[in-house]
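As structure tokens, the structure follows; a few thoughts come after it.
Each reported figure results from applying straightforward, stated rules to the coordinates on display, with no laboratory input. Remember, it's a predicted structure, so these values are computed and weren't measured experimentally. Quick reminder, even Gly has a Cβ in these numbers, built from the backbone with ideal geometry, and neighbours come from all protein chains shown.
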Amino acid sequence: MEIFDSHVDTPSQLIRLRDPGIDNGYGHVDFPKLRRGGVGGSFFALYTPAEMEPDAATRYALEMLSAVYDSIDKYPDMVSLARSPEEVAKNRENGLVSIFLGMENGSPIQESLSLLRLFFRMGIRYVTLTHNGDNALADSAAEGKRWHGLSPFGKKALAEMNALGMMVDLSHASDETFWDCIRLFDAPIIASHSCCRSLCPHRRNLTDDMLKALGDKDGYVGINFYPAFLSERFLSDPADAALFEEGEKVEADFIACPSDPSRVQAWNEMQVRLRSLWRPGVREIVDHIDHAVELAGIDHVGIGSDFDGILVPPEGLEDVSMMGKIFDEMRRRGYSETEVSQVAGANLLAVMRRIQG
Ligand SMILES: [Zn+2]
């Protein structure tokens with residue numbers, strides 16, 4: 001059985017000077033951990049903050065892309081780029097973990113279909129239309145005020161993505177954006193890293209109707225591991241919330257200057273403290289898998305860990321090497337071996353095949 005993860009934020013860590021070829025102390029993802037966890041491939045998302053102006057976002061996305069390419073070139077005995085399920089098969093034969101590319105927040109595309117095509121040529125296989133801000137393509141779950149769904153350019157971009165065989169990713173999108181995409185386009189749609197709103201009422205989790213619609217469209221949802229999307233109980237204690245807020249400040253300082261050894265040390269010390277918080281774990285993740293399977297169907301659910309993009313990982317699943325625990329829990333709950341391997345990764349490759357044609 002091979003695991004395929006539809007969303008990690010490791011490119012953001014690469015530009016914070018992480019060496020992905022070694023086992024990093026508090027990192028969630030690096031090449032040794034991917035191999036140890038039995039991960040066959042992982043979507044490395046090029047994330048740009050919503051506040052960034054479009055030109056700056058394009059530049060930043062290109063710099064992250066370059067960092068991913070550099071890392072792959074530096075460790076050719078561990079990983080290789082993959083743009084299709086066929087390339088995954090070739091990488092597997094060569095004993096290599098596949099690195100897929102996604103783009104989180106469509107800002108770097110600006111309002112240019114030629115930039116969109118260029119990013120596709122450079123290997124990017126999905127675009128998460130927004131992050132936590134409305135942009136030129138669509139409205140975000142965090143705002144949702146600019147277009148009330150897709151923008152006129154967003155509609156053109158989606159038609160182009162469908163023609164290219166590029167996946168449209170609705171994690172972070174507003175409900176109106178989600179329903180516009182379902183209404184206006186026939187192609188399967190994905191939510192690369194989202195959880196279920198009826199289990200945890202976060203604005204960017206998917207409602208039952210959305211899960212059903214993703215299944216009906218032959219699409220895909222990758223369940224997110226971020227504690228705040230898994231359980232309302234996370235940070236419900238004010239002392240926990242205060243520590244988390246302190247953690248966000250330490251992280252911001254580290255991001256501003258990742259080469260400063262004192263900030264790196266402060267970040268590492270904060271990681272130890274954050275792990276003392278009450279956090280949901282494997283059981284809650286599988287609860288969300290169960291619910292998504294019930295609504296969307298067993299062919300349409302997978303894993304979108306969000307590792308390296310979350311301030312604190314779930315309890316007992318501190319990094320990607322521990323991913324197998326989820327599938328052990330699924331087996332305990334009575335899923336067949338075929339069903340487990342579908343959720344572990346086969347469904348993600350299958351939706352790529354359906355969209356790439
Ligand atoms: Zn995200």
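Would you please name the trypsin sites (Lys or Arg not before Pro) within region 217-283 that are DSSP coil residues with at most 14 other C-beta atoms within 10 Å of their C-beta? Before the final figure, lay out each step's value.
Working: sites: LYS217, ARG233, LYS249, ARG263, ARG273, ARG275, ARG283; in loops: LYS217, ARG233, ARG275.
Taking region 217-283 and a limit of 14 other Cβ atoms within 10 Å, the loop trypsin sites (Lys or Arg not before Pro) found are ARG233, ARG275.
Just how large is the dipole of region 71-141 about the Cα centre, in debye to the nearest 20, putting +1 at every Lys and Arg Cβ and -1 at every Asp and Glu Cβ?
240 debye
Within a Cβ distance under 13 Å of GLY247, other residues only, what is the Lys/Arg minus Asp/Glu net charge?
Around GLY247, the charge tally is -3.
Per-residue HN-Hα couplings for region 72-80, Karplus 6.51 cos²θ - 1.76 cosθ + 1.60 at θ = phi - 60°, whole Hz, x for Gly and Pro?
5, 5, 6, 10, x, 8, 10, 9, 8
Quick check: net charge around ASP19, other residues with Cβ under 9 Å of its Cβ, Lys/Arg +1 and Asp/Glu -1?
Values: positive: ARG18, LYS74; negative: ASP30.
Local charge sum for ASP19: +1.
Identify which of PRO314, PRO76, PRO188 has the largest mean-square fluctuation in a Gaussian network model of the chain, with springs joining Cα atoms closer than 10 Å.
Looking only at PRO314, PRO76, PRO188, the biggest GNM fluctuation is shown by PRO76.
What net charge is computed for the residues neighbouring VAL340, neighbours being all others with C-beta under 11 Å from the C-beta of VAL340, Lys and Arg scored +1, Asp and Glu -1?
Summing Lys/Arg as +1 and Asp/Glu as -1 gives -1.
Of LYS155/LYS217; LYS74/LYS325; LYS33/LYS74; LYS33/LYS325; LYS33/LYS90; LYS90/LYS217, which sit over 26 Å apart, Cα to Cα?
Beyond 26 Å: LYS74/LYS325; LYS90/LYS217.
Do the sum for the chain: with -39,500 (n - 2.57) for every DSSP H run of n ≥ 4, divided by all residues, what is the mean residue ellipticity at 222 nm, to the nearest 500 deg cm²/dmol?
-13000 deg cm²/dmol
Report the one residue of MET270, ILE289, VAL97 whose Cα lies farthest in the direction of the positive end of the charge dipole of the chain (charges on C-beta: Lys and Arg +1, Asp and Glu -1; origin at the Cα centre).
Most positive-ward Cα: VAL97.
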